[in-house]
1. State whether one or more residues within segment 142-157 are among the basic types (K, R), assigned by TED's automatic domain parsing to the domain that holds F118 and in contact (Cβ under 8 Å) with a residue 12 or more places away in the chain.
2. So which residues in segment 116-142 are in a loop (DSSP other than H, G, I, E, B) and either among the charged types (D, E, K, R) or modelled with pLDDT of 85 or more (or both)?
3. Return a yes/no flag: does segment 185-193 have any residue that is over 22 Å from S249 (Cβ atoms), polar (S, T, N, Q) and in the same structural domain as I229 (by TED's automatic domain parsing).
4. Please work out which residue is modelled with the lowest pLDDT, limiting yourself to segment 203-228 and to residues that are assigned to a loop (DSSP other than H, G, I, E, B) and under 21 Å from the mean Cα position of the chain (by Cα).
5. Taking the stated definitions as given, is R254 basic (K, R) and at pLDDT 90 or above?
6. Give me the pairs: first residue in segment 117-130 and assigned by TED's automatic domain parsing to the domain that holds G186 and among the charged types (D, E, K, R), second residue at pLDDT 90 or above and part of a strand (DSSP E or B), beta-carbon distance under 8 Å, and six or more apart or on different chains, which are they?
7. Would you confirm whether any residue within segment 245-255 is assigned to a helix (DSSP H, G or I), surrounded by 18 or more Cβ atoms within 10 Å (Cβ to Cβ) and among the polar types (S, T, N, Q)?
Amino acid sequence: MRIVSKAGEMPARLIREPRELQKLLDPTRWKILKELAKEPDYPSRLAERIGMDEQKVYYHINQLRRLGAITVVKTEEKQGAVARYYKAKDKAYAIALVDEWRKLTKKHVDIPSLLAPFFSDGVFDAKIIVGSPDPHGPHHARARDTHFVSDLCLYLGTLSTSVKPSVLLDTDTRQNDLEGNIIVVGGPVTNMITARINDELPIRIETGDVWTIYSEKTGERYHEHNGLIVLTKNPWNENKHMLVVAGRSRAGTRAAILAIMSGTDLKGENVVEGLDTDGDGVIDSFKVLE
């Protein structure tokens with residue numbers, strides 16, 4: 001949870017458990033955290049900045065990730081490897097000795113610009129529409145990326161001051177559900193709502209002998225584990241917004257959701273590539289291609 005200091009100038013992370021505080025106050029860990037609060041960096045260059053052994057920095061970076069104190073803001077290819085840039089999630093910490101903090105709300109959380117249209121007075125205000133796992137549509141397809149939405153919902157919950165039912169299957173979606181803010185997850189074969197608007201999107205999925213993601217802006221076609229993120233006006237209500245999150249494959253959908261959850265400054269018409277940085281066969285990071 002984040003709160004506002006008495007001065008009202010800087011959001012802070014609230015610490016309630018002594019064990020968490022003890023782990024953060026490890027001298028080396030605290031030094032790394034302070035550096036990443038100043039400027040994002042990747043571990044090997046960070047080691048040079050602070051004059052520390054690279055393996056030691058990697059160890060403490062992993063500990064800070066487990067504590068939720070840092071996050072990945074971008075990835076780059078460097079000398080044939082993928083470098084992850086980390087930054088501190090918060091620039092201040094507060095310690096609570098009593099439970100009065102529960103009276104506070106999360107209204108001061110910084111909501112990424114991509115998601116801001118889907119929040120009203122700090123409350124998430126949209127329907128999330130996912131493809132049905134049952135055979136449906138002209139292709140009798142089953143959605144296999146629905147479980148990725150759980151991660152997205154957990155993330156959205158950290159930004160909202162309250163929780164209410166928000167997820168619908170495409171097969172259960174009615175016209176009135178489409179007239180508010182909507183987030184549509186999945187491609188045009190497995191999500192019938194995506195199928196209805198796919199051809200009008202500036203970045204869309206083209207199905208045929210070879211499925212591709214096509215970008216009108218650049219004219220590029222993408223064939224790998226790619227996903228798209230498109231923020232636009234709701235075609236069923238121009239006063240509301242629609243966010244489409246889809247992939248050429250379910251790995252692409254996963255990459256797009258990871259990009260949203262990272263807090264990266266996405267512009268609303270993006271193509272991302274899924275990355276398997278640890279080689280275990282699971283997409284665990286992403287690269288923004290446009």
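The values are calculated or read from the model by the stated rules, or taken from the named source; none is laboratory data. Remember, predicted model here, so these are calculated numbers, not experimental data. Reconstructed Cβ throughout: ideal geometry from the backbone, glycine too, with neighbour counts over all protein chains shown.
1. yes
2. The answer is D121, D125, A126, G131, S132, P133, D134, P135, G137, P138, H140, R142.
3. Taking every residue of segment 185-193 in turn, none turns out to be over 22 Å from S249 (Cβ atoms), polar (S, T, N, Q) and in the same structural domain as I229 (by TED's automatic domain parsing).
4. Here is the first cut: in segment 203-228, the ones assigned to a loop (DSSP other than H, G, I, E, B) are 207-211, 216-220, 223-225.
With the extra rule that they be under 21 Å from the mean Cα position of the chain (by Cα), the set shrinks to 224-225.
Working: E224: 82, H225: 86.
Checking each candidate, the answer is E224.
5. Numbers: basic (K, R): yes; at pLDDT 90 or above: yes.
It is true that R254 is basic (K, R) and at pLDDT 90 or above.
6. The qualifying pairs are D125/F119; K127/V167; K127/L168; K127/I182; K127/I183.
7. So far as segment 245-255 goes, yes, one or more of its residues are assigned to a helix (DSSP H, G or I), surrounded by 18 or more Cβ atoms within 10 Å (Cβ to Cβ) and among the polar types (S, T, N, Q).
Here is a yes/no grid of residues against (1) of a type outside the set (D, E, K, R); (2) modelled with pLDDT of 90 or more:
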position	(1), (2)
E9	no, no
R16	no, no
R19	no, no
L25	yes, no
T28	yes, yes
E35	no, yes
P40	yes, yes
M52	yes, yes
